[in-house]
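Here's the structure we're looking at; comments come further down.
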């Protein structure tokens with residue numbers, strides 16, 4: 001089945017990276033382990049909390065590559081000699097990825113009572129106004145002047 005792109009309109013130039021991000025999100029949304037919450041903390045703060053009961057600090061890894069946050073968990077194999085009559089606590093490895101919007105920064109991570117908290121900050125961008133100068137005729141094709149103003153500053 002052929003997928004129709006939402007961003008195929010000529011009015012949406014340069015939005016192909018959003019389409020790629022949406023593809024990554026749809027591939028990872030089927031994963032259900034470990035469960036997580038995303039909270040807004042104040043005006044600029046976000047917190048991702050993952051339930052990682054049974055994982056220690058040495059079993060977890062948090063990495064940011066480009067605009068993708070990846071959390072990995074892998075427990076050491078310490079089951080030698082243990083006999084389980086029932087095993088309901090998950091002891092499998094996992095990898096959970098989140099695509100971060102432009103400008104979001106990871107400030108830190110902490111592990112508390114089986115919950116991994118990842119603190120994010122979304123700074124408020126300064127409004128930026130660009131003025132494009134229109135040149136006259138074919139003789140001035142090479143002279144393009146673009147001036148930029150950011151919140152009243154040059």
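How high is the FRET efficiency between residue 68 and residue 107 when r is their beta carbon distance and R₀ equals 22 Å, given to the nearest 0.05? Calculated transfer efficiency: 0.85. The stretch between residue 40 and residue 121 holds 28.2 nm of extra length on full extension. This uses 0.36 nm per residue minus the Cα-Cα distance. Label separation (residue 87 vs residue 57): 2.8 nm, computed from points 7 Å beyond Cα along the C-beta direction.
Were the residues from residue 128 through residue 19 laid out at 0.36 nm apart, the gain over their Cα-Cα distance would be 36.8 nm.
Here, each number is a calculation from the coordinates, and none is a lab measurement. Keep in mind that what you see is a predicted model, and the values were worked out from it rather than measured. Every residue, glycine among them, receives a Cβ derived from its backbone with ideal geometry; neighbour counts consider all protein chains shown.
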